[in-house]
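*Asks:* A single structure is presented below for examination.
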Amino acid sequence: LITSIVAISAVVFSLMLTNFYRSESVLVARQAQDSSALSQFSGLASLAGVGLPSAAGDSVTEVIEMIKSREFVKHLMTFEDVLPSMMAAKNFDSASQELYFDPKIYNAKTKTWTREPSNNKGSKPSYIETHKVYLSDILSISQDKRTGLISIMVEHISPIFAKELLELIINEANELLRNKDLQESSGAIAFLNTEIPKSSLITMKDAINKLVLSQLHKQMLSKVNKEYILKVIEPPFIPEEKSKPIRSKICILGTLLGGMLTILWVLMRHYISGSLKSDLNV
């Protein structure tokens, strides 16, 4: 009876759980290929205090840490419906392909936050609060040290939003790094152009001109390549099957737990019964 009750409870509990879907993408850092052309200028650049594209390992580490950062989450929150989908999603209707929000947290019609403020938290979730959910429940990112490939996964109750958010993460990571490098190279070119007239040595002028060319090459790569740093090998997709919960495992573990409780109950009754008989005999 105990085993049956626990097993049935496990089945009911598993059926009440919300389905989650995972969209995945495999990428490679393009910088690893393009930086070799500029390596010949690295010595000159260090003397002038100008930064050239980083090595492959550095660029991968930079982009991974940027995607995991609070500032990146803050940037993602500026896009329409991203914050409500991350922090107020309640259920997903597979028939209509619509995501519904918890009315106690967010009103989709008026686009206002209805959550009761508490514990120094306002009605609208802050980027710090969202960042915790982003890292713990939504994003998973890793790099294969052997191949250098980067795997990014986004998990959500809406398979459509999971795919869209993953695409947004990849596109914005490329765009932010592109803008950063363009600003740095523009500043470097402006600085080097002011230094050319000051130099009286022909060799020094040639060296500065080479540095200018390297920065122009950097700008060309930034503007030509749409996939600036992250080159997509396996693009994000709309998952057709849920990633969790695994209801069969929940049911099996529930049945095993019920069996263990049954055995424990039988042993306890046997021990208590044996103790009472011994006391009566005495």
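The values are calculated or read from the model by the stated rules, or taken from the named source; none is laboratory data. Note that this is a predicted model, so its numbers are computed, not measured. Heads up, the Cβs are rebuilt from the backbone with ideal geometry, glycines too, and the neighbour counts pull from every protein chain shown. Ligands, DNA and RNA are stripped out before the accessible areas are found, and what is left, the full protein with its side chains, is counted by its heavy atoms. Shrake-Rupley method; radii C 1.70, N 1.55, O 1.52, S 1.80 Å.
*Asks:* How high is the FRET efficiency from R115 to D93, r the C-beta distance, R0 25 Å, rounded to 0.05?
*Replies:* For R0 = 25 Å, the calculated efficiency reads 0.65.
*Asks:* Dipole size in debye (nearest 20) for the range 56-151 around its Cα centre, Lys and Arg Cβ +1, Asp and Glu Cβ -1?
*Replies:* With only Lys, Arg, Asp and Glu charged at Cβ, the dipole is about 300 debye.
*Asks:* Here's something else I'd like to know. Using the C-alpha gyration tensor of the range 57-191, what are the square roots of 5 times its eigenvalues, in whole angstrom, with the largest one first?
*Replies:* For the range 57-191, the semi-axes come out at 31, 19, 14 Å.
*Asks:* Hey, could you get me the Stokes-Einstein D for the range 210-265, Kirkwood radius over alpha-carbon pairs, 10 °C and 1.306 mPa s, rounded to whole µm² s⁻¹?
*Replies:* 93 µm²/s
*Asks:* With every protein chain present, what is the per residue accessible area of the range 102-191 (1.4 Å probe, Å²)?
*Replies:* Dividing the accessible area of the range 102-191 by its residue count gives 55 Å².
*Asks:* What does the extension gain come out to for K132 and L261, with contour length at 0.36 nm per residue minus their alpha carbon separation?
*Replies:* My answer for the length gained is 42.8 nm.
*Asks:* Here's a follow-up. Using 0.36 nm times the number of residues separating L253 and E227, minus their current alpha carbon distance, what extension gain do you get?
*Replies:* Result for the pair: 4.8 nm of gain on full extension.
*Asks:* Which of rounded, prolate, oblate describes the range 137-193, given a ≥ b ≥ c as roots of the alpha-carbon gyration tensor eigenvalues and a/c under 1.5 marking rounded, otherwise prolate only if a/b is larger than b/c?
*Replies:* It comes out oblate by the Cα gyration axes.
*Asks:* Here is a further query. For a label point 7 angstrom out from the Cα of M16 toward its Cβ, which stretches of the range 231-269 have the backbone nitrogen within less than 15 Å?
*Replies:* 251
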